[in-house]
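Report on one structure; see the data block that follows.
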Amino acid sequence: DNVRRTVVLAALAVLVAIAIGLGIIGWVARDLRRLAAAAGRIGDGDLDTPVGLSRRDEIGELARSFERMQARLRTDRLTGLANREALTQQLARRIERVRDDRRQPRLGVLFIDLNRFKYINDTLGHEAGDRVLQEIAERLRRSVRSEDFVARYAGDEFVILIQNGDVRSAATRLAEALVKELGQPLVVAGRQVFLGTSIGITLFPEDASGSTALMKNGDIAMYQAKVAGK
């Protein structure tokens, strides 16, 4: 009897151990599949969707490494703003939300170009130009709301996405405020410099049916503002 009870208990212990082991393997495999899916999304250019793992072991550390990599890939290294790739994805995502739900606020795009920036680069050097871009980025951060999206598009060009009830009026007010804010002097390399800015405004869906046309319209509007300003 003792032998039989010992064998039965041993068999039960083995079965429990196997069940626990299979459960752990399934748990680990499930999270590894999520990591593999996240790696695939990053490879496809999706830089916003979080991995979503909160483990405290090596797998959790790997997940956090993926999320740090995503953050670096969507951030402009010089200014700390969103970069062009992140802007493209965010613009497409917001356009889709407006298309899917007409109750969503319209979308406004502000296309911003700095005046006289080439002069600073040519006379004070590119290091001074980099400091100017960093200061401009900080002023843009201070000028927008938390729900607005600010990105460095290229060189001395920046883009802001805004959405609220009256986008046209909000975009106009923000552009006027930015003209004043970015027109304030900067001290670079011991010299006081004045830049100024030209801003083009375009709206979705009034002005364009997609992100490419919307950005092109914003660029054209900015160029017209630059010519008119000069």
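Pull out all pairs, ordered by first then second residue, where Cβ-Cβ is under 6 Å, the residues are six or more apart or on different chains, the first lies in region 127-150 and is modelled with pLDDT of 90 or more and among the polar types (S, T, N, Q), and the second is assigned to a loop (DSSP other than H, G, I, E, B) and open to solvent by less than 80 Å² (accessible area, probe 1.4 Å).
Qualifying pairs under 6 Å: Gln134/Thr79.
I'm checking my understanding of the structure. Among residues of region 111-145 that are of a type in the set (Gly, Ala, Ser) and open to solvent by less than 10 Å² (accessible area, probe 1.4 Å), which one is nearest to Ala177 (Cα to Cα)?
In this case the residue turns out to be Ala137.
Name the residues in region 148-169 that are farther than 17 Å from Asp76 by Cβ and surrounded by fewer than 18 Cβ atoms within 10 Å (Cβ to Cβ), would you?
Of everything in region 148-169, those that are farther than 17 Å from Asp76 by Cβ and surrounded by fewer than 18 Cβ atoms within 10 Å (Cβ to Cβ) turn out to be Asn164, Gly165, Asp166, Arg168, Ser169.
Exactly one of these conditions fails for Leu78: (1) modelled with pLDDT under 70; (2) surrounded by 13 or more Cβ atoms within 10 Å (Cβ to Cβ); (3) of a type outside the set (S, T, N, Q). Give me its number.
Only one criterion is unmet by Leu78, namely (1).
How many residues, within region 194-226, are of a type in the set (Ser, Thr, Tyr) and either over 24 Å from Arg106 (Cβ atoms) or exposed (fewer than 13 other Cβ atoms within 10 Å of the Cβ) (or both)?
The number of residues fulfilling the criteria is 2.
Would you please name the residue that is least open to solvent (accessible area, probe 1.4 Å), looking only at residues in region 173-193 that are touching a residue at least 12 places away in the same chain (Cβ under 8 Å) and either touching a Pro at 6+ places or on another chain (Cβ under 8 Å) or among the acidic types (Asp, Glu) (or both)?
Ranking the qualifying residues of region 173-193, first place goes to Val193.
The values are calculated or read from the model by the stated rules, or taken from the named source; none is laboratory data. Given the structure is predicted, the values throughout are model-derived calculations rather than measurements. Every residue, glycine among them, receives a Cβ derived from its backbone with ideal geometry; neighbour counts consider all protein chains shown. Just the protein is used for accessible areas: all its heavy atoms, side chains included, with ligands, DNA and RNA removed. Shrake-Rupley method; radii C 1.70, N 1.55, O 1.52, S 1.80 Å.
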